[in-house]
Amino acid sequence: MVLNIIWIAFFAIAFLMALGATLFDGNLQIWSDIMNASFSQAAFAFEVSLGLTGVLTLWMGLMKIGERGGVIEGMSRLISPFFSRLFPGIPKGHPAMGAIFMNVSANMLGLDNAATPMGLRAMQEMQSLNKKKDTATDAMIMFLVLNSSGLCLIPISIMMYRAQGGASNPSDIFIPILVATAIATLVGLTALCIKQRIRMDWVIWSWLSGIGAVVCAVAWVFSRMSAEDVQKYSTFGANFILFGVIMAFLIAGVRKRIRVYDVFIEGAKEGFKTAVMIIPYLVAILVAIGMFRASGALDIFTGWVESLVNFLGGDTRWVGALPTMLMKPLSGSGSCAMMLDVMKANGADAFVSKLAAAVRGSTDTTFYILAVYFGSVGIRKTRYAAGYALLADITGAVAAVFTAYLFFG
């Protein structure tokens, strides 16, 4: 219901903005801009899906090997004490647990291309337990909010963009992002536990404390490295772990004496079908976002906020990162473009550029995740998923602003 209202609102606001621009400013070009945006975004949605096809085919095939080889089941048992409490609707030892763990781990390592196929696999496993096939379960919503909060230990891509933009220390946003995304995850998870009446017992708090300890340890280790070493070792560590997972799947398959190649092809076919299935959902959300952005509504809102902050006597430096902040839940590529635009206009080492980078890495792309993950299993009734995912988004953005002022002044 919430996603349906938001989707309609994008079109309605874009139309009203265009109508106002024509009536009051005589701007006729805006209609062409909005419609061109709809066409380009529809094509872009197909390109995104096409780009995902190869990755999905690869990782769904590997996941099938891991499942047949017993690796997914082993991972399910490993994290069962924690996840069985967060996902009480999923039986212990169910393959969904292992797929969820793999997805969350890939997100923490900043491996988006690997995380998406694993997440789609998790959704398929949870859908097999769903009695109402068009309605999101509590477990699905918990999983979506964990993805939206986007806990990431190693923001490789953002450090790479900063390096390309000429930043003197591309990794200086590493700790602010780590702090912001950890806060967003904690708030989103806690709020959802309250909503779903999940008791926060000692097991949950122990795991959360452990994750917090890992975050602090990673922050401490990387804070003692040079900028070049941070980028070098973070990239190495993430990709080494990823390749290690692939080898673990293959070795497990060989030990189980399964026909590894044939099993891979079986899973790869499922990945291809999934990639085709998500195209309509991507077109729907990306076209709406593109038309909303082309209408100029985002720029006008940013201007209002800056005027208000200035009137109240506040520091307006953070307002320059507001477009990145507002675009982040809507479009990953759009927020990335906003971040790069801020860097280009102000320089990669400017405060607002560092803040935009921190915001970009604080959470994941909510509406993209909702469209792709729910769309992959035909979920139409998303219940309260969007609201709690946006809560994590807002929390991450606010935390990014505070940490940026704390670290960069």
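The values are calculated or read from the model by the stated rules, or taken from the named source; none is laboratory data. This is a predicted model, so every value here is computed, not measured. Ideal geometry is used to build each Cβ from the backbone, glycine not excepted, and the neighbour counts take in all protein chains shown.
Among the conditions (1) farther than 30 Å from Glu73 by Cβ; (2) assigned to a helix (DSSP H, G or I), Val254 misses just one, which is (1).
Just name the residue that is surrounded by the most Cβ atoms within 10 Å (Cβ to Cβ) out of those in the range 14-45 that are under 26 Å from Gly387 (Cα atoms) and at pLDDT 90 or above. Give the derivation first.
First pass over the range 14-45, keeping only residues under 26 Å from Gly387 (Cα atoms): 14-17, 38, 41-42, 45.
Cutting the leftovers down to at pLDDT 90 or above gives us 14-17.
Details: Ala14: 24, Phe15: 14, Leu16: 12, Met17: 20.
Among those that are under 26 Å from Gly387 (Cα atoms) and at pLDDT 90 or above, it is Ala14.
On the stretch given as the range 26-46, residues that are part of a loop (DSSP other than H, G, I, E, B) and in contact with a helix residue (DSSP H, G or I) (Cβ under 9 Å, 6 or more places away or on another chain) total 2. Identify all residues within the range 136-153 that are without any contact (Cβ under 8 Å) to a residue 60 or more places away in the chain and not in a helix (DSSP H, G or I); write none if there are none. Result: Thr137, single match. Elements of the type helices (runs of 4 or more DSSP H) sitting completely within the range 270-333 and holding at least 1 residues that are under 20 Å from Val401 (Cα atoms): these cover 297-311, 322-327. The set of residues from the range 192-202 being in a helix (DSSP H, G or I) and touching a Ser or Thr at 6+ places or on another chain (Cβ under 9 Å) is empty. In this structure, Ser105 does not satisfy being assigned to a helix (DSSP H, G or I) and modelled with pLDDT under 75.
In the range 46-85, which residues are of a type in the set (Gly, Ala, Ser), modelled with pLDDT of 75 or more and farther than 30 Å from Leu192 by Cβ? Of everything in the range 46-85, those that are of a type in the set (Gly, Ala, Ser), modelled with pLDDT of 75 or more and farther than 30 Å from Leu192 by Cβ turn out to be Gly54, Gly61, Gly69, Gly70.
Screening Met339 on (1) among the hydrophobic types (A, V, I, L, M, F, W, C); (2) touching a Lys or Arg at 6+ places or on another chain (Cβ under 6 Å); (3) not in a helix (DSSP H, G or I) shows it passes everything except condition (3). Would you confirm whether or not the range 230-253 contains a residue that is without any contact (Cβ under 8 Å) to a residue 60 or more places away in the chain, surrounded by fewer than 18 Cβ atoms within 10 Å (Cβ to Cβ), of a type in the set (Lys, Arg) and at positive phi? Checked against the condition, which is being without any contact (Cβ under 8 Å) to a residue 60 or more places away in the chain, surrounded by fewer than 18 Cβ atoms within 10 Å (Cβ to Cβ), of a type in the set (Lys, Arg) and at positive phi, the range 230-253 yields no hits at all.
Going by the structure shown, is Ala392 within 30 Å of Val276 (Cα to Cα) and in contact with a Leu (Cβ under 6 Å, 6 or more places away or on another chain)?
On the way: within 30 Å of Val276 (Cα to Cα): yes; in contact with a Leu (Cβ under 6 Å, 6 or more places away or on another chain): no.
No: the conditions fail for Ala392.
If only residues of the range 183-197 that are under 17 Å from the mean Cα position of the chain (by Cα) and surrounded by fewer than 24 Cβ atoms within 10 Å (Cβ to Cβ) are counted, the one that is farthest from Gly409 (Cα to Cα) is Leu189. The test for being surrounded by 15 or more Cβ atoms within 10 Å (Cβ to Cβ), out of contact with any helix residue (DSSP H, G or I) (no Cβ under 8 Å at 6 or more places or on another chain) and either touching a residue at least 24 places away in the same chain (Cβ under 8 Å) or closer than 28 Å to Trp31 by Cβ (or both) does not hold for Gly271. Applying the condition of being assigned to a loop (DSSP other than H, G, I, E, B) and at pLDDT below 85 to the range 108-135 and asking which residue is surrounded by the most Cβ atoms within 10 Å (Cβ to Cβ) yields Gly110. Cβ separations smaller than 8 Å between residues 6+ apart or across chains give the following pairs from the range 28-39 residues that are on the phi < 0 side of the Ramachandran plot to residues that are among the charged types (D, E, K, R): Ala37/Arg293.
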